[in-house]
Structures are given as structure tokens and as C-alpha cells.
Amino acid sequence: MKSVVTKGGGSGGGSAGHHINSTVVYDACGGSVTSDEALYDPYDPAITFTTGMFAWPNYAGTINDSHFVTRDRMGRTMAFVARAIEDGLTTGGAAWGVGVDDAGSLFIDKNGRANLYSGTPVTNCG
């Protein structure tokens, strides 16, 4: 993947392809966690992160989560954001949660800009 980026390409996809592009990647190495579990205990042993996979210039401080609506992941994404800030995994005391649902794929271009592709209408909640 990094060789594609080095040649001026981008990176992305759905599900795991979406996850790997963020600054902080919930890697599930400790197991899976639901929103209820993550909100109850943001330091649950199942919540583990990997950092340093990519350093997209315009996509810094992000934590991606997929299957967002389908699996009710708002709560866990907010717990991940809080952990990233508290643990200093992002810079400037800020982090951004980016959720994409099942029909969507997020691609990061060579400039680090995110583009959402979806088979269903996209609602911007911003």
C-alpha cells in the first residue's frame, strides 16, 4: 500500500480498508467491543490501537469506524476519540471520529483528502 502512495496514489476501501487510513486504528487485537462496552469502560482490555500506518497530511487526528449505523458504533467511536486524546495518540488535544456504514467506502487521495463513495445517499451530520 505504501508503494502505491509513494507513486502518487491513494488508499482506501470499506470495512478494514477504511480503518487502516486513520491516524489511530482500532485493531481489535484484544477482541471486539460494542458501544455499550466501550462507553462503560474506555480502557476495556479489548480496546487496542495501532498507530503510524499512514500519515496522511490532510487526514490527521482521525479514528475511522466502519459498519457505523448498522452496528450502532457511535458510542464506541466516541470512546475511541476520548482515548486517543487522553492517551496522546493524536496531536493538539484533538481527534476526529469518522464513521462509514456498510454500503460506503472511504478513499484517501495522494493529498490526504478523504472521499466517500456510497451505494446509498450520504447524510452529512456536520
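The values are calculated or read from the model by the stated rules, or taken from the named source; none is laboratory data. As the structure is a computational prediction, the values presented were derived from the model and not from experiment. A quick note on method: Cβ atoms are made from the backbone with ideal geometry, for glycine too, and the neighbour counts reach across all protein chains shown. Accessible surface areas use protein heavy atoms only, side chains included; no ligands, DNA or RNA. Shrake-Rupley method; radii C 1.70, N 1.55, O 1.52, S 1.80 Å.
Answer yes if at least one residue in segment 76-89 is out of contact with any Gly (no Cβ under 6 Å at 6 or more places or on another chain) and among the acidic types (D, E), and no otherwise.
There is at least one residue in segment 76-89 that is out of contact with any Gly (no Cβ under 6 Å at 6 or more places or on another chain) and among the acidic types (D, E).
Looking at (1) over 24 Å from D36 (Cα atoms); (2) part of a loop (DSSP other than H, G, I, E, B); (3) open to solvent by 70 Å² or more (accessible area, probe 1.4 Å), which is the only condition F107 fails?
(2)
Within the set of pairs 6 or more residues apart or between chains, which connect a residue that is within 16 Å of I63 (Cα to Cα) and assigned to a loop (DSSP other than H, G, I, E, B) inside segment 20-41 to a residue that is of a type in the set (D, E, K, R) and open to solvent by 10 Å² or more (accessible area, probe 1.4 Å) with Cβ atoms less than 9 Å apart?
V33/D44; T34/R71; T34/D72; T34/R73
Here is a list: T23, T77, T62, T70. Which entry is over 28 Å from K7 (Cα atoms), polar (S, T, N, Q) and crowded, with 17+ Cβ neighbours inside 10 Å?
Values: T23 fails: over 28 Å from K7 (Cα atoms); T62 fails: over 28 Å from K7 (Cα atoms); T70 fails: crowded, with 17+ Cβ neighbours inside 10 Å.
Just a single option satisfies the conditions, and that option is T77.
Could you list all residues from segment 80-91 that are modelled with pLDDT of 90 or more, part of a loop (DSSP other than H, G, I, E, B) and open to solvent by 30 Å² or more (accessible area, probe 1.4 Å)? Steps first, answer last, please.
So in segment 80-91, the residues modelled with pLDDT of 90 or more come out as 80-90.
Narrowing the set further to residues that are part of a loop (DSSP other than H, G, I, E, B) leaves 87-90.
Correct list: D87, G88, L89.
Here is a yes/no grid of residues against (1) touching a residue at least 40 places away in the same chain (Cβ under 8 Å); (2) closer than 16 Å to A16 by Cα:
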{"residue": "A55", "(1), (2)": "no, no"}
{"residue": "I63", "(1), (2)": "yes, yes"}
{"residue": "G75", "(1), (2)": "yes, no"}
{"residue": "I85", "(1), (2)": "no, no"}
